[in-house]
Amino acid sequence: MSKQPHIYLFSGLGADEDLLRRISLPFESTFIPWSNNLSSSETIKEYAKRFLPSIEHENPILIGVSFGGIVAIELAKLISVQKVIIISSVKEKVEIPILYKLAGISNIDTLIPTGLFNLNFPLLDYVVGASNKDSRALFHDIINNSDPNFIKWSIVSFIRWNNKEKIANLIHIHGDNDKFIPAKGKIDYVIKGGGHLMVFDKADEVSKAIAEALKEM
């Protein structure tokens, strides 16, 4: 009998494993927490190297949500993996929304005050798909308990991510109602009505997609 693969999980921007608590996985998994102490000049590629000591299994499966998907892709460039699954994320630079790219080109993204990330706005709830009491409470908790400097660095790094490399064995799961990162490019599993927080409020559908993607392993 072949040894079962191990899953390593990366949550969304600034979020902890609470965002993923409703997800069911077919194999044993390890959640990788964010490392917040970083310089503003650190690249995502450099940041991904921080997690190499945390990967204790050979040929793992990497699953990343939103910004975590980007980190999973960069980590997959450094180690051998069986599969990468990104959820509510992007695979390449071309999939980053044009408005975000324009913000990066004009340097507007770097001028955002870090204090802004400690505030809650109804419009932001709408954009990320925090459409009910539970998802709003979760999202506000993420924002209020995250390091503002890390959030700002993550946003700027995401906007300026320049990946053009296609990762082998990559599966993309995305919601068709994601307003924060609209679906673009080849999507392997589309979650009907799924917003940016679908990993939480449509966890059953996302879990089924993950299980389907991994059923032959």
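Please treat every number below as a calculation from the coordinates, not as lab data. Small disclaimer: the values here were computed from a predicted structure and weren't measured. Positions of Cβ are backbone-derived with ideal geometry, glycine not excepted, and every protein chain shown enters the neighbour counts.
Against the chain, whose longest principal axis is taken from its Cα atoms, helix 67-76 shows a tilt of about 50°. Per-residue ellipticity at 222 nm computed for the chain from its helices equals -9000 deg cm²/dmol, with DSSP H segments shorter than 4 residues left out and the rest contributing -39,500 (n - 2.57).
A simple packing score, the average count of other Cβ atoms within 10 Å per residue, orders the peptides 182-191, 88-97 as 88-97, 182-191, with the highest score first. Exceedance of the 23 Å cut-off in Cα-Cα distance is limited, within the set LYS166/LYS186; LYS101/LYS208; LYS49/LYS184; LYS91/LYS152, to LYS101/LYS208; LYS49/LYS184.
Would you kindly state how much longer the chain becomes between ILE98 and GLU46 on full extension, computed as 0.36 nm times their sequence separation minus their alpha carbon distance, in nm to one decimal?
Details: separation 52, 0.36 × 52 = 18.72 nm, distance 2.49 nm.
Full extension of this stretch gives 16.2 nm more.
If I take every Cα pair under 8 Å that is 6 or more residues apart in region 7-213, average their sequence separation and divide by the length, what percent do I get for the relative contact order? Walk me through the numbers before you get to the answer.
Numbers: 353 pairs, mean separation 53.9, N = 207.
Relative contact order here is 26 percent.
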